[in-house]
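Below: the structure, in structure tokens.
The values are calculated or read from the model by the stated rules, or taken from the named source; none is laboratory data. Just so you know, these numbers come straight off a predicted model, no measurement behind them. Cβ sites come from the backbone with ideal geometry, for glycine too, and all protein chains shown count toward neighbours.
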Amino acid sequence: MATVAKFHMVPAVFHHRTTQLGFCRTSVSWDSIPPLSRRRVFLQPCRSFRTENGGAKDNKSTKKLANSDKNKRKNLLGAIKSFIFSKDNSMEKLEENLSKIALHLGRYIVTMMSTGVILVIGFNLSGGDGQMNDLIWYSWVGGIIIGTMIGSNMVLDEVSRAGPRNVVITGSTRGLGKALAREFLLSGDRVVIASRSEESVDMTIKELEENLQEGIATAPSSCRKNLAHAKVVGTSCDVCDPNDVRNLANFAVNELGSIDIWINNAGTNKGFRPLLEFTDNDIQQARNRPPISQKKVHFAEHSANSAEHLFHSVEHIMSLRCTGLWSQFRRRTVNFAKTVLRNDPYFCEITPTKGISAIVSTNLVGSILCTREAMHVMSNQHKAGHIFNMDGAGSGGSSTPLTAVYGSTKCGLRQLQSSLFKESKKSKVGVHTASPGMVLTDLLLSGSTVQNKQMFNIICELPETVARTLVPRMRVVKGSGKAINYLTPPRILLALVTAWVRRGRWFDDKGRALYAAEADRLRNWAESRTRFSFTDAMEMYTENTWVSVFSLSIVCAFIILSSTTGNASPGHVDHFHLL
Amino acid sequence: MAITATATSSLFNFNCSLFHPPSLSCPPILPSLPHHHLRLTLARKFGIFTTLPDRKPFISNPSVCSSSAGKSQPMVPPYNILITGSTKGIGYALAKEFLKAGDNVLICSRSAERVESAIQTLRAESGVQHVWGTKCDVRDGNDVKNLVKYAQENLQYIDIWINNAGSNAYSYKPLAEASDEDLIEVVTTNTLGLMICCREAMKMMLNQPRGGHIFNIDGAGSDGRPTPRFAAYGATKRSVVHLTKSLQAELRMQEVSNVVVHNLSPGMVTTDLLMSGANTKQAKFFINVLAEPADEVAKYLVPNIRSIPNSGSTRPTYIRFLTGLKAYSQIFSRLAFGARRNRYMVED
């Protein structure tokens, strides 16, 4: 904890210093310090500063020798500063940073003052008892330390969350991959999407761009600036093909410069069947999906979307708001359009091409090749990179009848992850796993039975929900070997406790889907995006804050215990004061 | 503690693996047709059934399975054994040991020449004509189907099918440096090949009145521990164990009791594959302490494998040569008394 706190303070202090220097630049001399000869070579490029106000400095230089100790540091910092902020917009950046620091500093001072007030109240209540006063002092110090740690953590997270990431997601034209791409995009990141079919990549890019425009339109002005760098590009890539993967990596580097996050999301299952009923058809067949069905799907999607647009404009003209009946009517109509056009609205997107080979190639070969390529790219770039492999059923090692092939590939991936973690210990590449839990996508739904669906009601989530939880944590991931899970114990507990309520959540008892189509869902999401989610916030700070809260409670317990051993005491004051 | 942690992680076996390009010419191998009349006719009947290509998988209808199980015969020696990837290493040693026990053995590998030469030596060594062989690349579904056909033609049925073909492409490198071909080779042989073999073996055995036992050979990483320097291999071997588990669960679901899938762990075997990775101090230490020659391992494994059909057990098992206790005691004796130092190779 302490180190984290320190880490946070570093940038703040640094900015602080640099800004100070910026304002009293004239008093700094550049040529005055003989002992810095080695460093001065390094300082040479910054000479331009001297020429601005060189004369004055030269005059001062003789005087300055006396307090050269102080100047050494200033000089160095000045150099670094000018090195960093040598561009024209340096002043703007400086101001921005300064205001940020001032804000944090102000917050800190206010907090400290309020604790001071509490401290005074505590002293008053203690009535001059020496032991009590000591206790109050101790608890005050404890409270300050813990508070500082929590606060610095939050600030650190805020800092690390800022700035666009360059993200590559494989298999991202459907399902969870698409939801992840959208979520990254709306967090202001630059995203590369990839999938086997070029056609669907193009469609997805268009769709995501639309989403981004909507996002920019609806976002408050403060967030709009974050979205300025967001963009989405894509290329077709079959993860089983080493050349394709190499091309994808090159494409990403050409488009974005570097890759911060690479997500191996491409995965396939091909339905729930005993192993005996899987054929070993070649990869070729799986690669070329039946063109008719694909076209049909696109057509259906387009028509439904246009129906959607029509409704939207009608709403606009009549200035109708999305009241219950109207929205229900709209949704039903759109769904009907889809149903009619492709018989089964949600699951028949792919006619499952059966093949062990396709599953093994996509899940295991694909992940291995992609990971290796991402490691190549990331070890050659300045910034650290993070690779995520997606977990699935079977990762934990428990048996997965009816999805034996899928399960064993995912199980193998988990072992791969642990080997890679060891291999990449010394490099700056982080390998992580992300576990989405159970997501309502084609992967899960193709070939599932009514009983399965009843079970899905309880534990499944929409891809957007999962992406919304995973993405913020993927963006701030540090180190290596982390596991980012959606289905954490509290969530599982919640699902089990509310199982009865969730019975008809996604599917009715005949297995028909009750949830809205993707476009509809997105509209609702856009509305609720900004809303604060308690569980999300709780999950975000699990590792750090709960530790703090735990130590806080220990301090409280200590105080209570020690105050009961003393004379009658206002222990609650201490509590209050710590909180 | 550091030692114990790495010890189990390097309990890898490197089974026989075959990398020579398969030659097209497959010399006809004329086996002497074996055994009793009754068995032959029965199996022929079923053999005809199974070789029909477009037939619906038997498994989809459990009642049919149980009806065939009703007429099931007890499994009596000599057993018919099929071992994939069995012209070298542990596969070859197992074949030899089974022959010694009086069983009929079918060997196969990717190279027809090596199959032929292995058959010649096995015949010469054992002095009996109970060995057959064919070319088979386990990654190719048609090859495996042909293997099954070949087995049905020559041996009528298979009692014990050992999935031994495995590969590490003889390379010990960090994943970031591994080549495309190596990675694809490792994954397709170890995972895809095994899955195809399992499926074909199950299909075949479900139609046999005697049922059958399938053994999948595990390897380093199958316990989930990391295997740096051969990450892809470890991942595939982990998936082997998981596949076995899932298949056991599937068979249980379908109430099939006469076809059983087992795991088989030979531990560390001093085959080419293992020795090619012995270029670090740590690897040399563990090879000297834990590895055994293939013959030794086979001598232990074969009676254990044969005891399963002998006892008529239908419970899935996990036969291990190098158990944890054994490994730890060997490490301890090495550290305490210096036993097995420089056994196979000189340590620094």
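Sort out which residues of the range A:179-207 are farther than 23 Å from residue A:440 by Cβ and in a helix (DSSP H, G or I), and write them in order of number. Within the range A:179-207, A:198, A:199, A:202, A:205, A:206 meet the criteria. Which one is nearest to the other protein chains (Cβ to nearest Cβ), of the residues in the range A:238-259 that are under 25 Å from the mean Cα position of the chain (by Cα) and closer than 12 Å to residue A:376 by Cα? So, considering only residues that are under 25 Å from the mean Cα position of the chain (by Cα) and closer than 12 Å to residue A:376 by Cα, the one nearest to the other protein chains (Cβ to nearest Cβ) is A:245. Evaluating residue A:359 against the criteria (1) crowded, with 24+ Cβ neighbours inside 10 Å; (2) away from every other protein chain (no Cβ under 11 Å); (3) modelled with pLDDT under 90 leaves one unmet condition, (2).
Per-residue answers, yes or no, for (1) of a type in the set (Ser, Thr, Tyr); (2) without any contact (Cβ under 8 Å) to a residue 40 or more places away in the chain:
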position	(1), (2)
B:107	no, yes
B:111	yes, no
B:114	no, no
B:136	no, no
B:146	no, yes
B:153	no, no
B:160	no, no
B:173	no, no
B:191	yes, no
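A Cβ distance below 6 Å, combined with a sequence gap of six or more or placement on separate chains, defines the contacts here; from the range A:98-112, residues that are over 15 Å from residue A:153 (Cα atoms) reach residues that are of a type in the set (Val, Ile, Thr) in the pairs A:98/A:19. Examine the range B:231-254 for a residue that is over 21 Å from residue B:192 (Cα atoms) and in contact (Cβ under 8 Å) with a residue 60 or more places away in the chain, and state whether such a residue exists. Yes; the residues of the range B:231-254 include at least one that is over 21 Å from residue B:192 (Cα atoms) and in contact (Cβ under 8 Å) with a residue 60 or more places away in the chain.
Listed here are the residues, each with its yes/no results for (1) surrounded by fewer than 24 Cβ atoms within 10 Å (Cβ to Cβ); (2) in contact with a strand residue (DSSP E or B) (Cβ under 6 Å, 6 or more places away or on another chain); (3) over 20 Å from residue A:358 (Cβ atoms); (4) of a type outside the set (S, T, N, Q).
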site	(1), (2), (3), (4)
B:183	yes, no, no, yes
B:187	no, no, no, yes
B:190	no, no, no, no
B:223	yes, no, yes, yes
B:250	yes, no, no, yes
B:268	yes, no, yes, yes
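Okay, residues lined up against (1) within 14 Å of chain A (Cβ to nearest Cβ); (2) touching a Lys or Arg at 6+ places or on another chain (Cβ under 8 Å); (3) at negative phi; (4) not in a helix (DSSP H, G or I):
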position	(1), (2), (3), (4)
B:76	no, no, yes, yes
B:82	no, no, yes, yes
B:91	no, no, yes, no
B:114	no, yes, yes, no
B:125	no, yes, yes, no
B:158	no, no, yes, yes
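When the range B:334-344 is filtered for residues that are in contact with a helix residue (DSSP H, G or I) (Cβ under 7 Å, 6 or more places away or on another chain) and either over 15 Å from residue B:284 (Cβ atoms) or surrounded by 14 or more Cβ atoms within 10 Å (Cβ to Cβ) (or both), the ones remaining, listed by number, are B:334, B:339, B:340, B:343, B:344. Count of the range B:209-230 residues, restricted to those that are charged (D, E, K, R), within 11 Å of chain A (Cβ to nearest Cβ) and in contact (Cβ under 8 Å) with a residue 60 or more places away in the chain, is 2. Those helices (runs of 4 or more DSSP H) of the range B:225-292 that lie entirely within it include none in which at least 3 residues are of a type in the set (Asp, Glu).
Against the conditions (1) within 29 Å of residue B:256 (Cα to Cα); (2) without any contact (Cβ under 8 Å) to a residue 24 or more places away in the chain; (3) in contact with a Gly (Cβ under 9 Å, 6 or more places away or on another chain), residue B:307 satisfies every one except (3). The residues of the range A:395-427 that are in contact with a helix residue (DSSP H, G or I) (Cβ under 9 Å, 6 or more places away or on another chain) and outside any helix (DSSP H, G or I), listed by number, are A:395, A:396, A:397, A:398, A:399, A:400, A:401, A:402, A:403, A:424, A:427.
From the list A:97, A:124, A:166, the lone residue that is of a type outside the set (Phe, Trp, Tyr) and modelled with pLDDT of 85 or more is A:166.
For (1) in a loop (DSSP other than H, G, I, E, B); (2) touching an Asp or Glu at 6+ places or on another chain (Cβ under 6 Å); (3) away from every other protein chain (no Cβ under 14 Å); (4) at pLDDT below 85, each residue gets a yes or a no:
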residue: A:344; (1), (2), (3), (4): yes, no, yes, yes
residue: A:347; (1), (2), (3), (4): yes, no, yes, yes
residue: A:367; (1), (2), (3), (4): no, no, no, no
residue: A:373; (1), (2), (3), (4): no, no, no, no
residue: A:393; (1), (2), (3), (4): yes, no, no, yes
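Yes or no: the range A:471-479 includes at least one residue that is closer than 30 Å to residue B:193 by Cα and surrounded by 24 or more Cβ atoms within 10 Å (Cβ to Cβ). No, because not a single residue in the range A:471-479 is closer than 30 Å to residue B:193 by Cα and surrounded by 24 or more Cβ atoms within 10 Å (Cβ to Cβ). When B:240, B:256 are screened for being within 9 Å of another protein chain (Cβ to nearest Cβ) and either crowded, with 24+ Cβ neighbours inside 10 Å or under 19 Å from residue B:316 (Cβ atoms) (or both), only B:240 passes.
Screening B:331, B:319 for residues that are assigned to a helix (DSSP H, G or I), β-branched (Val, Ile, Thr) and surrounded by 13 or more Cβ atoms within 10 Å (Cβ to Cβ) leaves exactly one candidate, B:331.
Restricting the range B:170-208 to residues that are assigned to a loop (DSSP other than H, G, I, E, B) and either aliphatic (A, V, I, L, M) or within 16 Å of residue B:81 (Cα to Cα) (or both), the residue that is nearest to the other protein chains (Cβ to nearest Cβ) is B:178. Looking only at the range B:137-152, residues that are over 15 Å from residue B:115 (Cα atoms), under 15 Å from the mean Cα position of the chain (by Cα) and aliphatic (A, V, I, L, M) come to 1 in all.
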